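J.: Can you keep this structure in mind? I'll have questions shortly.
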Amino acid sequence: MSSMKAVRIHAYGSPDVLTYEDAPRPTASEGEVLIRVYATSVNPFDCAVRAGYMSAYFSYSLPLILGTDVSGIIETVGDGVTDFGPGDSVYARAGVTRDGAYAEYVVVPASDVAAKPQSLDHINSAAIPHVILTAWQALIEVADLSKGQTVLIHGAAGGVGHLAVQLAQWRGAEVIGTASVNLDFLRELGVDETIDYSTTRFEEVVSEVDVVLDLVGGDTQQRSWSVLKPGGILVSTVQPPSEEAAAAHGVRQQFVSSTPPIGKVLTEVVTMVDAGQIKPVVSTILPLQEIRKAHELIEGRHTRGKIVLRVVN
Ligand SMILES: NC(=O)c1ccc[n+]([C@@H]2O[C@H](COP(=O)([O-])OP(=O)(O)OC[C@H]3O[C@@H](n4cnc5c(N)ncnc54)[C@H](OP(=O)(O)O)[C@@H]3O)[C@@H](O)[C@H]2O)c1
């Protein structure tokens, strides 16, 4: 069996369990493609898997390769794959319940793959899948955000947030965003109203919004009920909002834990990216070998846009 370099965990724990080492190179089965990974990115989800929190929801077997984003070139395709062939430049959502993209090669179902944006390199393309699918599910599928509505985005400067801002702008909504050290970034993104959560209680300056996108959870989520207009919706990616609190405030709530059809939405996003409507922002690029540093950075909770891992120079 041929081998490859990969970052694996053999036990759950701190970033120290992330080990750059040789691992078996996977092969594509029916309906799957094998991608030569050029870049992958880091998401808080990866840290939750690494720490063992996601084992309650998914049955992982160790050693495990993390990483849910990939941009690269198709090496081989499995039986029945007709949409893609060797040599195609693609980006995809990988991993989640199986070995992921912190590696030289990853296998992904062909349904979760799309042709890479032509206007972006692999580094910037790898920044997109996980976070755009989350933002899309929250704002387009669940909230059905529309022109003229107002959305308050908590955590607007992070991975999900900075693309959620752009999706909301594309839909013609007014965007209010919270951040602290990354407030200037929100202004660069064209956020209509910025709030420094470290100095201002947002519920004292915001009211009557149609949608709250909660990318923070905890106390921030609980204080969000009062800023919604009647019939509005609180959508959280962090923790299920209280049904009782929503009913008491005459609003709706939804926890986002699924994705829209992956390949279909990633293909639609390519059109938007190549038209200049969506632009990922990569603040940090590290070689895959520096994965521990990447996890420590994202766990610091002040990421601006995305942290991307370079696999091929
Ligand atoms: N359910 C799902 O399917 C799903 C999918 C994707 C993500 N998620 C979850 O969604 C959350 C966001 O993900 P992400 O990738 O966007 O994370 P991220 O990139 O790590 O978010 C970092 C950003 O959070 C901001 N922030 C930190 N504390 C804040 C606070 N109290 N109020 C407002 N902003 C705050 C920071 O702004 P400053 O630096 O300016 O302070 C920073 O820009 C995570 O908890 C993640 O696990 C869930």
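The values are calculated or read from the model by the stated rules, or taken from the named source; none is laboratory data. Just so you know, these numbers come straight off a predicted model, no measurement behind them. A quick note on method: Cβ atoms are made from the backbone with ideal geometry, for glycine too, and the neighbour counts reach across all protein chains shown. These area figures cover heavy atoms from the full protein model, side chains too; ligands, DNA and RNA do not enter into them. Shrake-Rupley method; radii C 1.70, N 1.55, O 1.52, S 1.80 Å.
J.: Filter LYS147/LYS279; LYS5/LYS116; LYS5/LYS306; LYS147/LYS306; LYS264/LYS306; LYS116/LYS229 down to the pairs with a C-alpha to C-alpha distance above 30 Å, please.
T.: Cα-Cα > 30 Å for LYS116/LYS229; rest within.
J.: So, one more: When ranked by the protection proxy of mean other Cβ atoms within 10 Å per residue, highest first, what sequence do the peptides 262-273, 160-171 form?
T.: Answer by packing, highest mean first, reads 160-171, 262-273.
J.: What does the range 210-267 give for Rg and for Dmax, in Å, if only its C-alpha atoms count?
T.: Computed over the Cα atoms of the range 210-267, radius of gyration and Dmax are 12.6, 40 Å.
J.: Find the relative contact order for the range 131-255 and round it to a whole percent, using C-alpha pairs within less than 8 Å whose residues are 6+ positions apart.
T.: After rounding, I find 22 percent.
J.: Just the number please: accessible area per residue for the chain, 1.4 Å probe, all protein chains included, in Å².
T.: Per-residue value: 42 Å².
J.: Still on this structure: Hey, can you grab everything whose amide H is under 5 Å from the amide H of GLN253? Only 5+ residues off in sequence or another chain; H modelled, so Pro and N-termini drop out.
T.: LEU234
J.: What percentage of the solvent-accessible surface of the chain, computed with a 1.4 Å probe over protein heavy atoms, is contributed by carbon and sulfur atoms?
T.: Roughly 47 percent of what the probe reaches on the chain is carbon or sulfur.
J.: Expressed as a fraction of 2.2 N^0.38 Å, the rule-of-thumb size for a compact globular protein of N residues, what is the C-alpha radius of gyration of the chain?
T.: Against the empirical 2.2 N^0.38 Å value, I get 0.99 for the chain.
J.: Return the Rg/Rh value of the range 139-222, two decimal places, where both radii are evaluated on C-alpha atoms and Rh is the Kirkwood radius.
T.: Ratio of gyration radius to Kirkwood radius for the range 139-222: 0.92.
J.: Express in Å², to the nearest 10, the accessible area of VAL312 obtained by rolling a 1.4 Å probe over the protein heavy atoms while all chains stay in place.
T.: Here the residue's solvent-accessible area equals roughly 40 Å².
J.: Just order 53-64, 148-159 by mean Cβ neighbour count inside 10 Å, highest at the front, would you?
T.: 148-159, 53-64
J.: May I pose another question? So how much slack lies between VAL96 and GLU204, counting 0.36 nm per residue of separation and subtracting their Cα-Cα distance, in nm?
T.: Length difference between fully extended and current span is 35.0 nm.
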